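Engineer: One structure follows; several queries about it will come next.
The values are calculated or read from the model by the stated rules, or taken from the named source; none is laboratory data. What you are looking at is a predicted structure, and each value in this text was computed from that prediction instead of being measured. Cβ placement follows ideal geometry from the backbone for every residue including glycine, while neighbour counts extend to all protein chains displayed. In case anyone asks, the SASA skips ligands and DNA or RNA and just uses the protein heavy atoms, side chains included. Shrake-Rupley method; radii C 1.70, N 1.55, O 1.52, S 1.80 Å.
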Amino acid sequence: MMKTFSIGGIHPSDKKISKDCKIEVLPVPSKVFISVAQHLGAPATPVVKAGDQVKVGQVIAEPAGFISAYVHSSVSGTVKSVGPRKDIAGNNVVHIEIDVEGDEWVEGVDLSDTLVTEIPQDNKAILDKIKMCGVVGLGGATFPAHVKLCPPPGKKADCLILNGAECEPYLTSDYRIMLERSKEIVIGAAIMKQVLGGCPAVIGIEENKPEAIKAMKAALAELQAAAKGYEGISVMSLKKKYPQGGEKQLIDAVMKRQVKSMGLPIDVGAVVQNVATSLAVYEAVQKNKPLITNTLTVTGDCLPLEKQHNYLFRIGMPLSYIAEYAGGVPEEAAKIISGGPMMGKAIANLDATTVKGSSSLLYLTAEQTVRGVESACIRCGKCAEACPMGLEPFLLQKYARNSMMDELEENAIQDCIECGCCLYSCPANIPLLDIIRIAKGDVIKIIRGRAIKN
Amino acid sequence: MDKLIVSPSPHLHTKTSTKSLMRDVVIALIPAVVVSVLFYGWSELLVLGVSVASCLLLEYLITKYLLKTSCTLGDWSAVITGVLLALNLPATTPWWVVFIGAVVAIGIAKMTFGGLGQNLFNPALVGRVFLLISFPTYMTDWAKPQGFITNSIVDAYSGATPLGIAKGLGPQGVEAMDYLNMLFLNIGGSAGELSAIALLLGFAYLLIRKVIKPYITLSIIGTVAVFSGIFYLANPAEYTDPLFNILSGGLLLGAIFMATDYVTSPMSKWGGVVFGVGIGVITMLIRYFGAYPEGVSFAILIMNSVVPLLNKWFHTKKYGR
């Protein structure tokens with residue numbers, strides 16, 4: 001029996017149209033806008049002002065708290081302005097506008113293709129590099145990576161899980177880096193495993209990506225034969241089921257352990273990092289390269305195959321620039337998603353720029369994405385069957401519509417991971433997650449408020 | 001492009017809709033409908049036609065003139081009620097009795113509660129039980145009308161249902177019956193009770209299309225088998241055997257199509273299992289010790305009333321709790 005998580009889950013379409021498109025490097029535009037809020041936690045504080053000269057890889061904003069991250073310039077040139085600009089949702093966020101001049105990197109960055117397989121021994125120095133290079137989780141939440149790699153006192157990591165599930169339909173950026181940068185990912189895993197005290201590391205990949213499984217296994221075998229520090233790493237194929245790549249689901253699938261409500265993965269000895277994060281860790285530690293690039297998929301059913309792409313982009317590139325470069329926004333596109341179709345965000349503003357965690361420009365047609373008219377709940381229970389957290393969305397939405405906060409908390413609304421399985425499955429088109437998401441925020445506020453009072 | 005849709009995730013939706021689920025149930029009923037029409041002929045067609053047409057008409061009139069809401073005929077649920085009501089009646093039922101059944105099913109059992117999704121009791125069963133109590137003569141008249149094809153077994157036994165015979169004469173009365181024949185063609189009874197194979201075909205379709213989960217149906221059948229098994233082993237002269245009890249009467253029709261109704265069955269798996277066990281036990285208590293030869297309808301309706309409690313007691317297993 002192939003492993004997977006034990007509760008709920010759904011099987012949305014298995015489409016990965018752009019899977020055979022090699023990663024192409026996007027040319028640098030004449031101007032970039034770099035956001036200071038590219039990570040979970042406090043937005044970084046800008047340390048440059050209009051008129052300053054910057055180089056590629058230079059720090060332009062510093063962390064403003066424990067959970068925060070460094071932001072580096074992705075281009076060389078002159079800072080034009082520092083001020084508010086709209087992000088993909090249309091909210092104002094401080095961006096640093098830079099006019100591009102040449103492509104001059106800061107000193108110390110290794111830009112060669114040489115693979116550095118020898119892992120440094122000083123864990124403190126490694127963590128410092130990860131932090132200084134602004135590495136954040138690239139699986140969606142953009143949580144600062146160094147924080148996750150420093151378990152709090154008394155907690156110990158039993159397993160490092162590398163998330164290569166890429167369970168969202170359409171997305172292929174993780175798949176491509178697993179094929180094209182396999183060794184770098186394995187080295188990143190070995191580095192993180194060493195920092196965590198040498199626990200085993202498992203690279204989890206869904207069975208619908210056999211080429212990726214093969215490539216990662218081959219890279220691992222080669223490194224294990226050639227260098228030290230690669231023992232205890234393995235590749236595990238997982239059954240295809242959404243949301244396999246959810247942190248809690250992946251821990252359940254790989255370790256058969258479940259994180260308690262409101263708990264953290266480290267409570268059950270797990271640390272989960274995305275394969276793209278592992279690549280960023282490799283580049284930071286072995287190449288001194290800060291996190292200023294990532295891979296992004298341009299895809300959608302309404303795009304012909306030759307217009308499907310996987311791009312290596314630099315942070316701060318306007319999405320409209322990428323869309324134009326890729327051949328323009330297709331006529332039939334009714335909605336553009338940043339991220340996957342299940343959990344990604346609809347883009348309200350295509351002039352917004354790429355951030356560290358950008359993973360796609362996904363074009364959906366009206367036929368695909370416009371929701372049907374809501375009708376009466378027929379109590380089929382398909383939402384509860386689908387919920388990977390074992391919640392009962394039909395019940396939660398009823399309590400939420402009546403503002404029954406105690407009942408919502410008793411029925412664990414705070415555990416919702418917003419994967420969208422309930423809304424996807426509902427035959428009556430009830431906006432389950434829309435309602436639950438809002439109520440969940442309120443309940444968590446109540447729980448936090450109570451914790452502060454006590 | 002100038003007008004991009006911006007809405008919260010998820011951005012995709014399953015193709016399964018209320019309409020497609022309900023239509024699948026109707027498709028699953030086709031084998032049973034075909035068998036009943038073949039053997040009961042024009043009179044069965046009349047019962048089916050009047051039942052479905054009345055259910056549709058009544059739901060339309062009630063939504064339009066009483067509730068003043070949008071028309072709900074498109075969801076196919078009224079068609080299911082119509083077909084199930086017809087399959088629960090003898091083929092000889094007069095058209096006006098069928099119509100009264102539809103009034104009770106749609107008017108009282110379904111729309112009074114607020115329509116699809118709100119009703120506590122299975123509408124078709126409320127209609128049937130109302131008729132059974134109000135018009136006992138019509139409802140127990142198993143005289144066999146002229147069918148499109150004839151079958152010597154059916155003709156030989158017309159006039160009584162196997163359960164009716166067993167009630168009157170005890171197990172000896174049904175000793176001569178061939179279970180293989182019963183599997184394919186029951187002998188006398190409501191239209192929907194005729195062929196176990198036709199009903200099982202529908203069950204397989206519902207499972208393959210993932211319309212229902214098997215646990216309610218299986219727990220009913222399992223309970224009936226265990227319950228009657230114990231009594232049969234203790235005293236074969238007094239009690240009918242398990243296989244007879246599973247193949248006869250409305251057990252399969254009820255267990256596959258009526259007890260699994262989304263609206264009136266529990267939401268959770270274990271709630272469903274308890275629901276099924278309850279239906280099985282009550283059915284057998286009525287069959288062995290009650291005044292009626294058949295008890296499936298009563299059993300399901302009684303357990304329907306327990307569903308809110310079962311929903312309160314049984315919940316899904318939550319992650320990490």
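Engineer: Can you give me the Kirkwood hydrodynamic radius for the range A:382-453, using every pair of distinct Cα atoms, in Å to one decimal?
Structural biologist: 12.1 Å
Engineer: P(r) tail for chain A, what percent of Cα pairs lie past 35 Å?
Structural biologist: Everything past 35 Å amounts to 30 percent.
Engineer: Once amide H atoms are placed 1.01 Å from N in the peptide plane, what residues at a sequence separation of 5 or more from A:VAL56, or on another chain, have their amide H within under 5 Å of its amide H?
Structural biologist: Here A:SER76, A:GLU104, A:TRP105, A:VAL106 satisfy the definition.
Engineer: If r is the Cβ-Cβ distance from B:ALA204 to A:GLU374 and R0 is 35 Å, what FRET efficiency results, to the nearest 0.05?
Structural biologist: 0.65
Engineer: Please list, in order along the range B:274-291, the HN-Hα scalar couplings obtained from phi with the Karplus expression 6.51 cos²θ - 1.76 cosθ + 1.60 (θ = phi - 60°), rounded to whole Hz, x for Gly and Pro.
Structural biologist: Values per residue, Gly and Pro as x: 4, 4, x, 4, x, 4, x, 5, 5, 4, 5, 4, 5, 4, 7, 10, x, 7 Hz.
Engineer: Distance cut-off 26 Å, Cα to Cα: go down the list A:LYS239/A:LYS382; A:LYS398/B:LYS15; A:LYS16/A:LYS86; B:LYS19/B:LYS110 and report the pairs above it.
Structural biologist: Where the Cα-Cα span goes over 26 Å, the pairs concerned are A:LYS16/A:LYS86.
Engineer: Also: Considering only the other residues whose Cβ falls under 12 Å of the Cβ of A:ASP122, what net charge follows from Lys and Arg at +1 and Asp and Glu at -1?
Structural biologist: Combined, the nearby Lys, Arg, Asp and Glu give +1.
Engineer: Amide H to amide H under 5 Å from A:ILE34: which residues, 5+ apart in sequence or cross-chain, H placed 1.01 Å off N in plane?
Structural biologist: A:ILE96, A:GLU97, A:ILE98
Engineer: Excluding ligands, DNA and RNA, what is the accessible area buried between chains A and B, summed over both sides, using a 1.4 Å probe, to the nearest 100 Å²?
Structural biologist: For A against B, buried area totals roughly 4100 Å².
Engineer: Restricting to DSSP H runs of at least four residues, report the calculated mean residue ellipticity at 222 nm for chain B, -39500 (n - 2.57) per run over all residues, nearest 500 deg cm²/dmol.
Structural biologist: After summing the helix terms and dividing by residue count, I get -17000 deg cm²/dmol.
Engineer: Check the straight Cα-Cα distances from B:LYS269 and name the aspartates and glutamates below 15 Å, setting aside those fewer than 8 residues away within the same chain.
Structural biologist: By straight Cα distance, B:LYS269 reaches A:GLU385, A:GLU392, B:ASP261.
Engineer: ³J(HN,Hα) across the range B:34-45 via Karplus (A = 6.51, B = -1.76, C = 1.60, θ = phi - 60°), whole Hz, x for Gly/Pro?
Structural biologist: For the range B:34-45, the Karplus curve yields 4, 4, 5, 5, 4, 8, 10, x, 4, 5, 5, 4 Hz.
Engineer: Let me know the mean shielding of A:409-420 by other chains, meaning the per-residue number of their Cβ atoms within 10 Å of its Cβ.
Structural biologist: 2
Engineer: Where does helix B:77-87 land angle-wise versus the long Cα axis of chain B, in degrees 0 to 90, nearest 10?
Structural biologist: Taking Cα atoms only, the helix is inclined about 0 degrees.
Engineer: When only alpha-carbon atoms count, how far does the range B:18-122 stretch along each of its three principal axes, as whole angstroms with the largest first?
Structural biologist: On the principal axes, the range B:18-122 reaches 41, 30, 21 Å in Cα extent.
Engineer: Still on this structure, please answer the following. Report the calculated FRET efficiency for B:SER305 and A:ASP406 (r = Cβ-Cβ distance, R0 = 35 Å), to the nearest 0.05.
Structural biologist: The computed FRET efficiency comes out at 0.80.
Engineer: Can you tell me the 0 to 90 degree angle between the C-alpha axis of helix B:215-234 and the longest principal axis of chain B, rounded to 10?
Structural biologist: 20 degrees
Engineer: Within a Cβ distance under 10 Å of B:LEU251, other residues only, what is the Lys/Arg minus Asp/Glu net charge?
Structural biologist: -1
Engineer: Still on this structure, please answer the following. For A:LYS129, list the lysines whose Cα falls under 18 Å from its own Cα; do not include residues on the same chain fewer than 8 positions away.
Structural biologist: A:LYS148, A:LYS193, A:LYS287, A:LYS289, A:LYS356
Engineer: What list of ³J(HN,Hα) couplings, whole Hz, do you get for the range B:66-74 from phi and the Karplus terms 6.51, -1.76, 1.60, once you set θ to phi - 60° and write x for glycine and proline?
Structural biologist: For the range B:66-74, the Karplus-derived couplings read 8, 7, 6, 10, 5, 5, 10, 4, x Hz, x marking Gly and Pro.
Engineer: On alpha-carbon atoms, Rg over Rh for the protein assembly as shown using Kirkwood Rh?
Structural biologist: 1.09
Engineer: Right, here's the next one. Tell me, what is a quarter of the convex hull surface for the C-alpha atoms of the range B:219-321, in nm² with one decimal?
Structural biologist: Its average projected convex-hull area is 7.3 nm².
Engineer: Separate question: In whole Å, how far is the Cα centre of the range A:10-85 from that of the range A:138-163?
Structural biologist: 22 Å
Engineer: When only DSSP loop residues count, what trypsin sites (Lys or Arg not before Pro) in the range A:207-251 have their Cβ near at most 16 other Cβ atoms within 10 Å?
Structural biologist: Within the range A:207-251, the qualifying trypsin sites (Lys or Arg not before Pro) (loop, at most 16 other Cβ atoms within 10 Å) are A:LYS228, A:LYS239.
Engineer: Gap in Å between the Cα centre of the range B:243-312 and the Cα centre of the range A:321-393?
Structural biologist: Using only Cα atoms, the two centres lie 42 Å from each other.
Engineer: Related question: Using only the Cα atoms of chain B, what are the Rg and Dmax in Å?
Structural biologist: 20.4, 81
Engineer: Oh, and also: Quick one: net charge around B:VAL97, please, counting Lys, Arg +1 and Asp, Glu -1 for every other residue with C-beta under 14 Å from its C-beta.
Structural biologist: Net charge around B:VAL97: 0.
Engineer: Could I ask something else about it? For n ≥ 4 DSSP H runs only, could you compute -39500 (n - 2.57) per run for chain A, divide by its residues and tell me the 222 nm figure to the nearest 500?
Structural biologist: -8500 deg cm²/dmol
Engineer: Name the residues whose placed amide hydrogens come within less than 5 Å of the amide hydrogen of A:ALA201, ignoring near sequence neighbours (fewer than 5 apart) on the same chain.
Structural biologist: A:LEU160, A:ILE233, A:SER234
Engineer: Taking a ≥ b ≥ c as the square roots of the Cα gyration tensor eigenvalues, with a/c under 1.5 meaning rounded and otherwise prolate when a/b beats b/c, else oblate, which class fits the range A:123-287?
Structural biologist: Since a/c stays below 1.5, the shape of the range A:123-287 is classed as rounded.
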